[in-house]
């Protein structure tokens, strides 16, 4: 079975550093890289009738934006570095979606960048810290 | 620029209103009352039966609801559990995440129907129809679940994607497309147009004037009559806020309301239950009154039949089953199985009428048993408010805020429903949309200036306009829904449609 590494991306500096590191590890272990971008979304939020009617189009727009801005650059870099890579875009809660993807794809390890320590993150915990506590496989935080 | 022009005309209206000062309320009332009466008489024809006056519209809706209940094999009972599973997301395909969820469609539709009718309309029913009206209201809610199932399934099945990527649906679309499919394109076009006119006009009554009127009444009540004769001012303020949202495009106000309303509804129910518990000693008698009143109709004009008519009438206007409005909201959902939206929508009359209206009726009922004269001569929202006040002195203030919110969210929803009818007739161009929205705002202001009686007459009459083509169409298209339902149930039984969540 092929080794799989998961890399959540959001276009930030941290996520770029994580990509560089993950590509190294993937090359060294001849593993496949899965780049994922999660669009925060909840099935239990409330919409006005207007928003409901535009949702389908908005969703397509969100996916296109994520592809163009976050995933395409990653794909290009991986290709240049000769690392095999697949792209995923999902809607939902980031922690849930990443954990689900880990079990679905039998991921061996997760790489992700550390965000700056803002007051919000210290109070409520960042995605990385939540993931460290809940993920079933090792999570490497790239500073 | 256009926006500015509209704003200037609105301001001119304010100035003109100021000139008349307090007298304007009376003037407007004097002008509209006879109009409403004539209009009501023509559209809202009543058949006298055994001394009771049976409005044709109520008969029309109830016969429809009974028919659809039997025709779908009591889908309102059979489908209830499945509806809850769908809303919980048990059957939601993770790959569809990001699309409108069943829960979201339900929440939006419920925000549109949970309005003043649930607070004030129930009081009207109990005042005019006695406690027994509650029984018939619940029955009408139960039957209405089947009508909703049929209309919302069709709404999704025949949804239409606009060039700008947004989605439109609802009766005008299923009437047009559905009738084309069954080989009657001309009748369908005609009925669809009829419905579109009906909903564009009807939105001004049930979803607009009635709401703003009752919100004003409650506000006036809690301020101790300080706003007497100032209905025009409250009306203008309300109209201005609605204007900002639907013409000015300030969606954030609508978004905030949309988020608060569901919590408000829960909050309202919790406090209502507390009041009922505090009135606990009178609860058995209040419940007994509901049942005995339903069949004896003591002291009610038209007896038991009179109570039944009132109960049915208020239930229909509260949960909007058969009116086709929810079908417009549900059409936004993208699903391979339109029937799933039908299932979800049958929860709306349940939440709206069987839960919330019944709770309100019990708050009033128990208070009445404790003190038959607790509300004085207050009716509508003011009566409900007095019933709460007996136990929780500060609750009328909360109720005033809740009433405002409910009224506001219902008005926003209805402006959308009405607009969909309007743009079906006049196209999706921005100028035509703006015209409708401005007219809508004017009616918001008008609603606060006139008396409840004529407003109810106008609302009821307009609703009739809407449900004639809709229910007629539903009869013709019911076989389509039945086929969909059968196919879906077969897939469900065979396990082809499976739960994603365990």
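Some observations on this one:
- Qualifying residue in region A:91-106 (condition: surrounded by 13 or more Cβ atoms within 10 Å (Cβ to Cβ), touching a helix residue (DSSP H, G or I) at 6+ places or on another chain (Cβ under 6 Å), away from chain B (no Cβ under 14 Å) and touching a residue at least 24 places away in the same chain (Cβ under 8 Å)): yes
- Enumeration of residues in region B:241-264 that are more than 22 Å from the chain's Cα centre (by Cα) and surrounded by fewer than 18 Cβ atoms within 10 Å (Cβ to Cβ): B:244, B:248, B:249, B:250, B:252
- Taking residues in region B:90-107 that are touching a residue at least 12 places away in the same chain (Cβ under 8 Å), and partners anywhere that are surrounded by fewer than 19 Cβ atoms within 10 Å (Cβ to Cβ) and assigned to a helix (DSSP H, G or I), the pairs with Cβ atoms closer than 7 Å and at least 6 places apart or on different chains are B:91/B:85; B:107/B:262.
- If the condition is being surrounded by fewer than 20 Cβ atoms within 10 Å (Cβ to Cβ), within 14 Å of chain B (Cβ to nearest Cβ) and in contact (Cβ under 8 Å) with a residue 24 or more places away in the chain, then region A:4-56 contributes A:39, A:40, A:41, A:42.
- Matching residues, region B:85-121, being at pLDDT 85 or above, away from every other protein chain (no Cβ under 11 Å) and in a loop (DSSP other than H, G, I, E, B): B:90, B:91, B:93, B:114
- Unique match (being within 9 Å of chain B (Cβ to nearest Cβ) and either in a helix (DSSP H, G or I) or surrounded by fewer than 17 Cβ atoms within 10 Å (Cβ to Cβ) (or both)) among A:77, A:62: A:62
- Answer from B:335, B:358, B:366 - the residue that is surrounded by fewer than 24 Cβ atoms within 10 Å (Cβ to Cβ), out of contact with any strand residue (DSSP E or B) (no Cβ under 8 Å at 6 or more places or on another chain) and part of a helix (DSSP H, G or I): B:358
- Taken over region B:265-307, the residue count meeting the criterion of being surrounded by 15 or more Cβ atoms within 10 Å (Cβ to Cβ) and either touching a strand residue (DSSP E or B) at 6+ places or on another chain (Cβ under 8 Å) or in a loop (DSSP other than H, G, I, E, B) (or both) is 8.
- If you go through region B:462-502 and pick out every residue that is assigned to a helix (DSSP H, G or I) and farther than 26 Å from residue B:179 by Cβ, you end up with 5.
- Of all the listed residues (B:316, B:344, B:355), the sole one being within 14 Å of chain A (Cβ to nearest Cβ) and under 30 Å from residue B:481 (Cβ atoms) is B:344.
- Meets criteria (in a helix (DSSP H, G or I) and free of Cβ contacts under 8 Å to residues at least 40 places away in the same chain) for residue B:432: yes
- Search result, residues across region A:65-74 that are within 14 Å of another protein chain (Cβ to nearest Cβ) and touching a residue at least 24 places away in the same chain (Cβ under 8 Å): A:66
- Residue among B:215, B:254, B:239, B:196 that alone is farther than 30 Å from residue B:395 by Cα and either within 14 Å of chain A (Cβ to nearest Cβ) or in a helix (DSSP H, G or I) (or both): B:196
The values are calculated or read from the model by the stated rules, or taken from the named source; none is laboratory data. Not measured: the values here are computed from a predicted model. Because the Cβ atoms are built from the backbone with ideal geometry, glycine has one as well, and the counts that use them run over all protein chains shown.
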